[in-house]
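Accompanying notes for the structure given below.
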Amino acid sequence: MRPLVHAVVGCGRVAPNHVDGFSALPHVELRWACDRDATAAQSLAREYGLPRVTTDVGEVLADPEVDSVSVVTGHATHHGLVAAALEAGKHVLVEKPLALSVEDGMALTSLAERTGRVLSVVSQHRYDRVVTAVRDWLGAGLLGSLVSGVVSLQCGRDDAYYAGSDWRGTYAGEGGSAMVNQGYHALDVTRWLTGGLTVVGAAAGHTAPRGGMETEDTLAALLRGPQGALVTYQVTVAGSITWRTRVELVGTRGSVLFDLDHPGTLHLADGNEELRAAAAALTSAVVEQAPPGIGYYGISHRSQIADFAAAVRDGHRMVADDRAGLDTLILLQDIYRAARHEAAVPALSAPAG
């Protein structure tokens, strides 16, 4: 079997998770480390043994043997880099969000369809064993009908995190902040588990800004599921701890409480014997060893990358495909639109049609 040749574009905080995930697969060659900062690219290549280094993404995309790329760069660069890679015939795995606007996101999904390339937005927590188990339990009716949910993330980001970046904490570079960056995955997982969410109301705060950030550091929203369940969602980057998530779903037959923190923990599953038995089987399983990189990124980049590589080879639809990323982007912008009078968020584009 010819190896899948992959390149990493962007060599910052999350790049080691991409290198680890592709390195764990058979018949994959990691060839390029690309970053506009030559030192960052050289450092990643040296540490993980990637043979080629460049600051020019055009050099990567011009390599006819490169099959796929990871786009691991600032939010505002996603649209341009993903479009260029798709036009060059490469399959693309891009860190969230898909783009800063719904129009750009829709353009990318259309381009992926036109070029016949796989486009996937990183939503690694959809592959967490706890999250997939809860989705199975919901599908099997073990929770009954959902009636409510409580989703939260509290984390701390210091002045240096924002002051040392040319894009974090800015509308032009990040598209928001607390929600679109740190709070993205908790929202994405909840949307996936509930089957979709609409916005009832939202408010954003600029309560304790770090490092000159102009974007929201705290946001709360009230959301509604397709069968009427009410979900409260809140995120802040102005806390004192590094990272803590909680997701609680309440149904007419049972309730679950879990988190997305490394390695993903089921805190509660109760309400009926069948649910308790399923939870006991889950919690007795051995947890996969953590990959290198930042702990709260979790352990499931590996699983999404394996799904991505398989989709490149056989064309199956991924759990976290481009449409999933677009749908979460639409929800994000709907929440920001509802909250913009509180946080002075610029008017955001609405989906066509």
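The values are calculated or read from the model by the stated rules, or taken from the named source; none is laboratory data. Note that the structure is a prediction, hence the values are computed from the model and not measured. For neighbour counting, all protein chains shown are included, and Cβ atoms are generated from backbone atoms with ideal geometry for every residue, glycine included. SASA here: full protein model, heavy atoms, side chains in, ligands and nucleic acids out. Shrake-Rupley method; radii C 1.70, N 1.55, O 1.52, S 1.80 Å.
Residue pairs whose Cβ atoms lie under 8 Å apart, sitting 6 or more positions apart in sequence or on different chains, and linking a residue in the stretch 59-70 that is under 11 Å from Leu4 (Cβ atoms) and among the acidic types (Asp, Glu) to a partner that is open to solvent by less than 70 Å² (accessible area, probe 1.4 Å) and part of a loop (DSSP other than H, G, I, E, B), are Asp67/Lys90.
Within the stretch 258-296, the residues that satisfy the criterion of being open to solvent by less than 40 Å² (accessible area, probe 1.4 Å) and either modelled with pLDDT of 80 or more or of a type in the set (Asp, Glu) (or both) are Phe258, Asp259, Leu260, Asp261, Leu266, Ala269, Asn272, Leu275, Ala278, Ala279, Leu282. Search the stretch 98-109 for residues being closer than 23 Å to Ala186 by Cα and open to solvent by less than 20 Å² (accessible area, probe 1.4 Å), and hand back the single one that is farthest from the chain's Cα centre (by Cα). In this case the residue turns out to be Val102.
Apart from one condition, His79 fits all of (1) in a strand (DSSP E or B); (2) open to solvent by 10 Å² or more (accessible area, probe 1.4 Å); the exception is (1). Does Ala45 meet the test of being in a strand (DSSP E or B) and either within 23 Å of the chain's Cα centre (by Cα) or at negative phi (or both)? Considered against the rule, which asks whether it is in a strand (DSSP E or B) and either within 23 Å of the chain's Cα centre (by Cα) or at negative phi (or both), Ala45 comes out as no. When Glu65, Glu59, Glu47, Glu95 are checked against the criterion of being modelled with pLDDT of 95 or more, open to solvent by 10 Å² or more (accessible area, probe 1.4 Å), within 30 Å of Thr328 (Cβ to Cβ) and of a type outside the set (A, V, I, L, M), a single residue qualifies: Glu95.
If a residue counts only when it is on the phi < 0 side of the Ramachandran plot and either among the basic types (Lys, Arg) or under 14 Å from the mean Cα position of the chain (by Cα) (or both), which helices (runs of 4 or more DSSP H) contained entirely in the stretch 110-205 have at least 2 such residues? If you could, list the steps in order and put the result at the bottom.
Working: elements: 129-139, 159-163, 171-174, 184-194.
Result: 129-139, 184-194.
Does Ala15 satisfy the condition of being in contact with a helix residue (DSSP H, G or I) (Cβ under 6 Å, 6 or more places away or on another chain) and buried (at least 19 other Cβ atoms within 10 Å of the Cβ)?
On the way: in contact with a helix residue (DSSP H, G or I) (Cβ under 6 Å, 6 or more places away or on another chain): yes; buried (at least 19 other Cβ atoms within 10 Å of the Cβ): yes.
Against the criterion (in contact with a helix residue (DSSP H, G or I) (Cβ under 6 Å, 6 or more places away or on another chain) and buried (at least 19 other Cβ atoms within 10 Å of the Cβ)), Ala15 qualifies.
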